[in-house]
Amino acid sequence: MPIARPIRPIARPIRNEPPSSAGAVNLCGASRTDIGAALTALGVPQGQLRMRTSQLWHWIYHRGVTDFDAMTTIARDLRATLASRLVIGRPEIVVAQISTDGTRKWLLRFADGKEAECVFIPEEDRGTLCISSQVGCTLNCRFCHTGTQAWVRNLSPAEIVAQVMVARDALGEWPTSTENRQITNIVMMGMGEPLYNFDNVRDALAIVMDHEGISISRRRITLSTAGVVPEMARCGTEIGVNLAVSLHAVRDQIRDRIVPLNRKYPIGQLLEACAAYPGAGNARRITFEYVMLKDINDSLADARELVRLLRHYRLPAKVNLIPFNPWPGVAYECSDMAVIERFSEHVFKAGISAPVRRPRGRDIMAACGQLKSASERARKVKPKAPPAAST
Ligand code: SAH
């Protein structure tokens, strides 16, 4: 299979912060420390900081309020002071779309004009929000559309949290309730490599998990990595969420080509890090994502080798088989359905769950590896076209 693009070297992670918006401090996505600092700057006495911070926290993350005047537990004078210097803004929603299957997608523009997408996928027993960690990606996986876009920057903790805030606004999920939630799960499977933006992702997820706010349990959050081995243990200990690994191939020769990060952290090292992942066990399995690429990684021999590897490293695993989602100019094709089924059955027979992921939101290009660039193309073709549906 010819490789369409020259292989770019693997860039080092860059932990750059976005420029802050001029003027008012935005508390959307702020941590308790950030809120405390903002209050201190406004002259709130030290002795009141804790109480005021938790009041604001409640209004921002439990109630979803964006207007200080609605914060009725805070004295009117202080509300006015807060409103004069602070905002609880949301990123601009550039496009909001709803697929015929109920999948929703938002393209968000941050203060510096950079854009990222998040996607909500409703299912019978759950609703999953897929969020982005970076604008662009440094990894250049050959089958992933994000790899064809320029690397731009890391998202800040606030920008990562803001994706959840926007989705909850649109789904009418305020105030936070423990029952009948629409967003029950979060996956860090949008644009970017979350473990190359570790600190920001960790800080963002701490806000999302906080019991006095959005309160989504770490057991319902999954972080997907292409295999940044040195950060994996920290992900387990410092974030504590479920792990998904984009394996996609069982031989280094092939994985080196399709996931170039493999040249740095080959399959053996990656699976060892998985075996040592803190918190993983039979009740909390590691998901191995495997994109089905015709004649590349989809043979029965590959399925056998996958089973052998998972057994060899004694991994509490489930396999997620993803039908490849093609995009213009890509050198790969999706495996035939019969081939995917055969692969799945072989892994199932070995006692490992290996469902085939159902493509969702195809009509709004909400699928894997197609975020943002698809919207950019659509806007170039029809600059004034209204979104398919608005929230
Ligand atoms: N960088 C992280 C998370 C982002 S990608 C990671 O690699 O895991 C989320 C998942 O979508 C990954 O498993 C990725 O390999 C997969 N993916 C990317 N492009 C795809 C495509 N065109 N078709 C199917 N799956 C794709």
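Compute, for the range 199-358, the length of the dipole vector about the Cα centre, with Cβ point charges of +1 (Lys, Arg) and -1 (Asp, Glu) only. Units Debye, rounded to 20.
Taking the Cα centre of the range 199-358 as origin, the dipole is about 440 debye.
For Thr138, the residues whose modelled amide H falls within less than 5 Å of its own, excluding neighbours fewer than 5 places apart on the same chain, are Glu193. For the chain, the relative contact order comes to 17 percent (Cα pairs under 8 Å, sequence separation of at least 6).
Sort Val259, Val229, Val94 by Cβ crowding within 10 Å, fewest neighbours at the top.
Val94, Val229, Val259
Here each label is just a point 7 Å from Cα along the line to Cβ, and for Glu333 and Glu238 those points are 4.5 nm apart. Per the Debye calculation on the range 232-362 with a single equal scatterer at every Cα and no solvent contribution, log₁₀ I(q)/I(0) for q = 0.21, 0.22, 0.23 Å⁻¹ amounts to -1.32, -1.41, -1.48.
As a length-normalised measure over Cα pairs under 8 Å and 6 or more apart, the relative contact order of the range 136-182 settles at 23 percent. Since only Gly36, Thr53, Leu310 are under comparison, the one whose Cα sits farthest along the positive direction of the charge dipole of the chain, derived from C-beta charges on Lys, Arg, Asp and Glu, is Leu310.
Between amide H atoms placed 1.01 Å from N, distances below 5 Å from Cys334 occur with Lys294, all of them 5 or more places distant or on a separate chain. For Asn320, nonlocal amide neighbours, meaning residues 5 or more places apart or on other chains whose placed amide H falls under 5 Å from its own, are Phe288, Glu289, Tyr290.
For the range 98-172, the list of GluC sites (Glu not before Pro) that fall in a loop by DSSP and count at most 16 other C-beta atoms within 10 angstrom reads Glu123, Glu124.
Across the range 190-256, C-alpha contacts under 8 Å between residues 6 or more apart give a mean separation that, scaled by the residue count, equals a relative contact order of 30 percent.
Subtracting the Cα-Cα distance of Lys114 and Thr184 from their residue separation scaled by 0.36 nm leaves 22.4 nm. In the chain, helices alone account for a calculated mean residue ellipticity at 222 nm of -8500 deg cm²/dmol, with every DSSP H run of four or more residues adding -39,500 (n - 2.57). Site-free segments of the chain were taken between trypsin sites (Lys or Arg not before Pro) in DSSP loops having at most 10 other Cβ atoms within 10 Å, sites themselves excluded; the longest one is 1-313. Applied to the range 212-222, the Karplus parametrisation 6.51 cos²θ - 1.76 cosθ + 1.60 on θ = phi - 60° returns per-residue 3J(HN,Hα) values of 8, x, 5, 6, 9, 5, 4, 6, 10, 10, 10 Hz, with x for Gly and Pro.
Here the label points at Arg308 and Ala75, each 7 Å from Cα along the C-beta direction, are separated by 7.4 nm in the simple model.
Only the coordinates and a few stated rules stand behind these numbers; no lab work does. Given the structure is predicted, the values throughout are model-derived calculations rather than measurements. With ideal geometry, Cβ positions are generated from the backbone for all residues, glycine too; neighbour counts draw on all protein chains shown.
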